[in-house]
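The values are calculated or read from the model by the stated rules, or taken from the named source; none is laboratory data. Every value quoted in this text rests on a predicted model; they were computed, and no experiment measured them. Neighbour counts run over all protein chains shown; Cβ positions are idealised from the backbone, glycine included.
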Amino acid sequence: MTDPYNSSSAYAPSPATGPHLSDAMVTTAMELPGYRIRRNLGMVRGITVRSRSIVGNFLGGLQSLFGGNITIYTELCEQARDETYRDMLQHARQLGANAIVAVRYDATDVMAGLTEVLCYGTAVVVEPHDF
């Protein structure tokens, strides 16, 4: 099976210098404090399409009658976000990134009961600033 995120050989992985890609090296900001962006490797993403089961819809409907946080849907959303975030990290590692900047989430209803969740950002190679 081919890699759906990086099917082109134009972006061959290269060893990242400096820190390794971890949650601390991922930000919604355009830069990482204390680091200088040395190379931009392009957009990386994770995507999933989720559906609610009949049981989930039934339980969610019952919870909505009482108001407040509808935990079954909250858990589904958190699982989808976490899955797409981890896929985005994997995509960035395949490109040789050690950081991701400008991270965003997006969700779109594909059809009734199906939601696409997308996590995306810019994969970069950073190095600590020399002060």
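The condition of being of a type in the set (V, I, T) and at pLDDT below 95 holds for V55.
Going through segment 93-117 one residue at a time, which ones are within 26 Å of P19 (Cα to Cα) and not aromatic (F, W, Y)? Of everything in segment 93-117, those that are within 26 Å of P19 (Cα to Cα) and not aromatic (F, W, Y) turn out to be R93, Q94, L95, G96, A97, N98, A99, I100, V101, A102, V103, R104. Checked across segment 59-78, the condition of being outside any strand (DSSP E or B), farther than 23 Å from I37 by Cβ and at pLDDT 90 or above holds for at least one residue. Of all residues in segment 83-122, those satisfying the criterion of being modelled with pLDDT of 95 or more and of a type in the set (S, T, N, Q) are T84, Q90, Q94, N98, T122. Within segment 79-131, the set of residues being assigned to a strand (DSSP E or B) and aromatic (F, W, Y) comprises Y105, Y120.
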